[in-house]
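Structure, as structure tokens:
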Number of protein chains: 2
Amino acid sequence: MKLAKEKPKFVNGVNVDALFDTIDAIKDSPVIAEFQFRANNKWVNGGHNHTTIKEFYGAQEVHPHENPFELDADEPPLLLGEDLGPNPVEYALKAVAACVTTSIVYHAAAKGIEVRGVESRLEGDLDLRGFLGISKEVPVGYKNIRLYFKIDADISDEEKEELIRMGEHYSPVFNTISNATPVISQLDK
Amino acid sequence: MKLAKEKPKFVNGVNVDALFDTIDAIKDSPVIAEFQFRANNKWVNGGHNHTTIKEFYGAQEVHPHENPFELDADEPPLLLGEDLGPNPVEYALKAVAACVTTSIVYHAAAKGIEVRGVESRLEGDLDLRGFLGISKEVPVGYKNIRLYFKIDADISDEEKEELIRMGEHYSPVFNTISNATPVISQLDK
């Protein structure tokens, strides 16, 4: 006797049952969807600074990372640093790549679409005249960021394009960057 | 005989002479200010993916990093990952912190303002109902990002506030996020 195929618990390494349980829990109690991510940064020297990420707040609790994450940023010699880590705009590319990728993988999993591979290459155009205060005509930030995705899955190119659109649509970092997001900084006396 | 004090070559660990030489060179030939930053990302499993940053383009040449930077991103268990690295929105905070800090330090150096320390703590508010597709009313990205700076320098609080405003003004990541920046993704067939 052949048993009816049960819905797999994991798709793309994502626990889909837990994902739907989370969605149901948030529908019942939206307050648990309010997250606050946190970081502490310390300047070292020149273009070198160090960030520690030790906890975040979500589901009405503070969650420590088991091991705090320690990240160095620096500038390459051409930009007067010692190349002791990616520079801030490279970290921004990292954030975009990781976020759209995770968004593709999780939302594909929720739809039962199995993917074997997702690779991307990113390019971000930046005119240094903005940072250096040489021209007010050019944007200080990235003029634009481009992602080129290769997706390995048994679906058509059209369906892969749909996955990418879905990935963008639900990606927090994609939306943080492609919309104007308020960044407020102040002196902590 | 007391010699006139010469302009120090380094301020805040930044080679100020080289900084002004760069500015002059770009004024003469703006094309060298056109940079392109690059990254390659590969999904591993679930919320885990890996980025390699091996080179960038600037001053009309490709510059390899001496050692490529390798960065892992993952989600914490509460978000169905294994916490093998900061998550994408934590990387975004890292990018903001590092960029505004470097912008403060470099521009202070250019003005001859010595700083002994720059520390910041960051908070970013994110409502998970956006990512999960539960509500169209909430932003998918960060609602806002806050940075609180402590600056150790022999200047008044008002001057420290001015340094922070200058840091924001010239920071590429701050401007990428606080303005709407086009992010274009497509299938690389």
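For chain A, the longest stretch holding no GluC sites (Glu not before Pro) located in a DSSP loop with at most 10 other Cβ atoms within 10 Å is which?
Here the longest run is A:7-136.
Over all alpha-carbon pairs in the range A:59-189, figure out the percentage whose distance exceeds 27 Å.
When every Cα pair of the range A:59-189 is considered, 37 percent fall beyond 27 Å.
Considering only B:Cys99, B:Ile151, B:Ile32, whose Cα is most displaced toward the positive end of the charge dipole of chain B, charges sitting on Cβ of Lys, Arg (+1) and Asp, Glu (-1)?
B:Ile32
Treating the protein assembly as shown as a set of equal point scatterers at the Cα positions, no solvent, please give the Debye-formula log₁₀ I(q)/I(0) at q = 0.14 Å⁻¹.
-1.15
Place a point 7 Å from Cα of B:Lys143 in the direction of its Cβ. Which residues in the range A:172-186 have their backbone N less than 18 Å from it?
Counting backbone N atoms under 18 Å from the label point, the list is A:172-173, A:175-177, A:179-185.
About the Cα centre, and with charges only on the beta carbon of Lys, Arg (+1) and Asp, Glu (-1), how big is the dipole of the protein assembly as shown? Nearest 20 debye, please.
Dipole of the protein assembly as shown, to the nearest 20 debye: 360 debye.
With runs of 4+ DSSP H residues as the only contributors, calculate the mean residue ellipticity of chain B at 222 nm using -39,500 (n - 2.57) per run, divided by the residue total and rounded to the nearest 500.
Estimated from H runs of four or more residues: -10000 deg cm²/dmol.
Once you have the alpha carbon radius of gyration of the range A:49-127, what is it after dividing by 2.2 N^0.38 Å, with N set to its residue count?
That ratio works out to 1.44.
Let me know the mean shielding of A:12-25 by other chains, meaning the per-residue number of their Cβ atoms within 10 Å of its Cβ.
3
With unit charges on the beta carbon (Lys/Arg positive, Asp/Glu negative), name the residue among B:Pro139, B:Tyr170, B:Gly47 whose Cα is farthest towards the positive pole of the charge dipole of chain B.
B:Tyr170
Considering the rotational relationship between chains B and A, which residue of chain B contributes the beta-carbon of minimal distance to the axis, and what is that distance to the nearest Å?
That would be B:Ala180, 2, residue then distance in Å.
Leaving out ligands and nucleic acids, note down the accessible area per residue over the protein assembly as shown with a 1.4 angstrom probe, in whole Å².
That works out to 46 Å² for each residue.
So, with +1 on the Cβ of K and R and -1 on the Cβ of D and E, and no other charges, what is the size of the charge dipole of the range A:1-112 about its Cα centre, to the nearest 20 debye?
Dipole of the range A:1-112, to the nearest 20 debye: 680 debye.
Run the Debye formula on the Cα coordinates of the range A:94-161, all scatterers equal and no solvent, and tell me log10 I(q)/I(0) at q = 0.12, 0.13, 0.23 1/Å.
So the normalised log intensities work out to -0.46, -0.51, -0.97.
Please report the net charge: other residues with Cβ closer than 9 Å to the Cβ of B:Ala153, K and R +1, D and E -1.
After counting each charged neighbour, the total is -2.
Keeping to pairs on different chains or 8 or more places apart, tell me how many lysine pairs in the range A:1-156 have Cα atoms under 17 Å apart.
Lysine pairs satisfying the spacing and distance rule in the range A:1-156 number 6.
Which loop-located trypsin sites (Lys or Arg not before Pro) does the range A:1-106 contain, where loop means any DSSP state but H, G, I, E or B and the Cβ has at most 16 other Cβ atoms within 10 Å?
Those satisfying the criteria are A:Lys2, A:Lys5, A:Lys9.
Assign unit charges at the C-beta atoms only (+1 for Lys and Arg, -1 for Asp and Glu), then state the dipole size of the range B:25-171 relative to its Cα centre in Debye, rounded to the nearest 20.
Charge dipole of the range B:25-171: 360 debye, to the nearest 20.
In vacuo Debye scattering of the range B:1-132, one point per C-alpha: log10 I(q)/I(0) at q = 0.11, 0.16 Å⁻¹?
-0.64, -1.07
The values are calculated or read from the model by the stated rules, or taken from the named source; none is laboratory data. Here the structure is a predicted model, which means the values were calculated and not measured. Cβ sites come from the backbone with ideal geometry, for glycine too, and all protein chains shown count toward neighbours. Remember, those area values only see protein heavy atoms, side chains included, never the ligands or the DNA or RNA. Shrake-Rupley method; radii C 1.70, N 1.55, O 1.52, S 1.80 Å.
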